[in-house]
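K.L.:
Pasting in a structure now, in structure tokens, and then I'll have a few things to ask.
The values are calculated or read from the model by the stated rules, or taken from the named source; none is laboratory data. Keep in mind the model is a prediction, meaning the values are calculated, not measured. Cβ coordinates were reconstructed from backbone atoms using ideal geometry, including for glycine residues, and neighbour counts include every protein chain displayed. Calculation scope for accessible area: heavy atoms of the full protein, side chains included, ligands and nucleic acids excluded. Shrake-Rupley method; radii C 1.70, N 1.55, O 1.52, S 1.80 Å.
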Amino acid sequence: GGGERLLCKRIANNLRLPLLVEAFPDATFVLLTRDGRAVASSLRKVNWWPGFWVFWYGSTTDQWEADGGDPWELAARHWVEEVHALESGLDRVPAGHVVSLAYEDFVASPVDRLADIADRSGLTTNGAWLTELRRLSYPDHKESWRTELDPAALATVERVQRDTLRRYGYS
């Protein structure tokens, strides 16, 4: 379309950071981190999770369950493995080309955070853009896992994610 910027929110790109850095050496990468318990809960609800190819397992979510695996363990570990893949890929991103943001900070002040991301990415903001952003709805699902996960599921998720949750301040 002739634009100078590309915004791509594709979770599969978590595994492609070295390739993306090579293809777009001046790119800014936005790292949005979310509590793994919320991610595990969300994964179990999205329509694309059944039959999803799990890169670190080498098969699908359906096969995991057919092999007798606990679906909560799978969702929990998937977050851990994605975080690990991102950390490995971020080693290839030049200093100053990563904007890190916690999901919880984003939902607390979405328009301010988006303006900050734009500024740190070299994009100019204007009043009309900010006005449009203020008209949008930004659902806050940061604590939904607390009511969605039953005690057994929560225990499994926290057992699998414990170290990574602590490292990211979600203890």
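K.L.:
Per residue of region 156-162, in order, report the coupling 6.51 cos²θ - 1.76 cosθ + 1.60 (Karplus, θ = phi - 60°) as ³J(HN,Hα) in whole Hz, putting x for Gly and Pro.
P.N.:
Each residue of region 156-162 in turn: 5, 4, 5, 4, 5, 9, 2 Hz.
K.L.:
Let me ask something additional. Keeping the other protein chains in place, figure out the carbon and sulfur percent of the accessible area of region 85-143, with a 1.4 Å probe.
P.N.:
51
K.L.:
With a probe of 1.4 Å, find how much accessible area the chain has per residue, and write the answer as a whole number in Å². Each step should come with its number before you reach the end.
P.N.:
Details: 10600 Å² over 171 residues.
On a per-residue basis, 62 Å².
K.L.:
Okay, moving on. Would you mind getting the Kirkwood hydrodynamic radius of region 41-106 from its Cα pairs, rounded to one decimal in Å?
P.N.:
13.7
K.L.:
Once phi is turned into θ = phi - 60°, what whole-Hz ³J(HN,Hα) does the Karplus curve with 6.51, -1.76 and 1.60 give for every residue of region 119-134, x standing for Gly and Pro?
P.N.:
4, 6, 9, x, 9, 8, 10, 9, x, 5, 4, 5, 4, 5, 4, 5
K.L.:
Which order do T131, T33 take when ranked by solvent-accessible area (1.4 Å probe, heavy atoms of all protein chains), largest first? Write out the running numbers ahead of the final one.
P.N.:
On the way: T131 60, T33 25 Å².
From most exposed to least exposed: T131, T33.
K.L.:
Provide the solvent-accessible area of S59, counting protein heavy atoms only and rolling a 1.4 Å probe, rounded to the nearest 10 Å².
P.N.:
My reading of the accessible area for S59 is about 30 Å².
K.L.:
Quick check: the distance between the Cα centres of region 19-49 and region 117-143, to the nearest angstrom?
P.N.:
Cα centres, region 19-49 to region 117-143: 19 Å.
K.L.:
Here's something else I'd like to know. Can you tell me, using C-alpha contacts under 8 Å and at least 6 residues apart, the relative contact order of the chain as a whole percent? Working shown, then result.
P.N.:
On the way: 150 pairs, mean separation 56.4, N = 171.
Over the chain, the number comes to 33 percent.
K.L.:
Keeping every protein chain in place, order D70, D140 by accessible area at 1.4 Å, biggest value first, i.e. largest first. Walk me through the numbers before you get to the answer.
P.N.:
On the way: D70 55, D140 80 Å².
From most exposed to least exposed: D140, D70.
K.L.:
Taking H as built 1.01 Å from N, whose amide H comes closer than 5 Å to the amide H of V30, not counting residues under 5 places away?
P.N.:
The answer is V99.
K.L.:
Report, in degrees rounded to the nearest 10, the 0 to 90 angle that the Cα long axis of helix 36-45 makes with the longest principal axis of the chain.
P.N.:
Orientation of helix 36-45: about 80 degrees from the principal axis.
K.L.:
If you count only protein heavy atoms and use a 1.4 Å probe, how large is the accessible surface of D62, to the nearest 10 Å²?
P.N.:
80
K.L.:
Counting each DSSP H run of 4 or more residues in the chain as -39500 (n - 2.57), what helix-only mean residue ellipticity at 222 nm follows after dividing by all residues, to the nearest 500 deg cm²/dmol?
P.N.:
Counting only the DSSP helices, I get -15500 deg cm²/dmol.
K.L.:
I've got another one for you. For region 123-170, what is the Kirkwood estimate of the hydrodynamic radius, computed as the reciprocal of the mean inverse distance between distinct Cα atoms, to one decimal in Å?
P.N.:
Numbers: mean 1/r = 0.0711 Å⁻¹.
Answer for region 123-170: a Kirkwood hydrodynamic radius of 14.1 Å.
K.L.:
With labels modelled as points extended 7 Å from the Cα through the Cβ direction, what inter-label distance (nm, one decimal) is found for A155 paired with D91?
P.N.:
Each label point lies 7 Å from its Cα, and together they span 3.7 nm.
K.L.:
How would R135, R34, R16 line up by accessible area, probe 1.4 Å, largest first?
P.N.:
Details: R135 170, R34 55, R16 95 Å².
Correct descending sequence by accessible area is R135, R16, R34.
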